[in-house]
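To start, the structure itself, in C-alpha cells.
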Amino acid sequence: MSILRGFLILVLFFLLGESLRLVFLVPISGGILGLMLLTLYLMVTGGVGNAVAGASQALISVLILLIMPGLTEIFFISGKFTGQWLAVSVSLLVGTFLSVVTTLVLLNVLARKLPSGSSNHE
C-alpha cells in the first residue's frame, strides 16, 4: 500500500507540473516542472517519506523503459535535423559535459557537509 501511495504522489506532482505547463504555456516539460515542485515540497517537509522512496526505487529499476520513448522519437523526426547535425552533436556533448561537472561539484559540496565519521553505506 505504501508503494501505491508513493506512485500516486509522483503522479500527482507530474499532473500538477503538466497543468502548470498548459496553463502558463511554459516551454518546459510537465515532468520536469513536476519534479521541481516535488523537490521543493520535499525540501519544505524535510525529506523523502517511505512511500515516495519505495515508489522511486521501483521506478529506477525500469528507468530505461521511461527513457526509451523519447529516444525512439528521434528516428521519426530525424528529417527535421537535416543540416543541423553538428549543432545537435555539439549541444549533446556540451550538455553531457556540463551535467557531469555539475554532478561532481554538487557531490563534492554535499560530501563536505557530511560529518566526518558518518557513512551512508548499508
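The values are calculated or read from the model by the stated rules, or taken from the named source; none is laboratory data. On a predicted model such as this, the values are computed, not experimentally measured, just so you know. Note that each Cβ is placed from the backbone with ideal geometry, even for glycine, and that neighbours are counted across all protein chains shown. These accessible areas exclude ligands, DNA and RNA; they are computed on the full protein's heavy atoms, side chains included. Shrake-Rupley method; radii C 1.70, N 1.55, O 1.52, S 1.80 Å.
For the stretch 26-48, residues that are surrounded by 11 or more Cβ atoms within 10 Å (Cβ to Cβ) and in contact with a helix residue (DSSP H, G or I) (Cβ under 9 Å, 6 or more places away or on another chain) total 15. Residue count for the stretch 15-48 under the criterion of being among the β-branched types (Val, Ile, Thr), more than 18 Å from Arg5 (Cα to Cα) and within 14 Å of the chain's Cα centre (by Cα): the result is 2. Residues satisfying the criterion are absent from the stretch 49-59 (criterion: assigned to a helix (DSSP H, G or I), under 23 Å from the mean Cα position of the chain (by Cα) and surrounded by fewer than 10 Cβ atoms within 10 Å (Cβ to Cβ)). Looking at (1) over 18 Å from the mean Cα position of the chain (by Cα); (2) under 30 Å from Met1 (Cβ atoms); (3) open to solvent by less than 70 Å² (accessible area, probe 1.4 Å), which is the only condition Ile77 fails? Answer for Ile77: the failing condition is (2).
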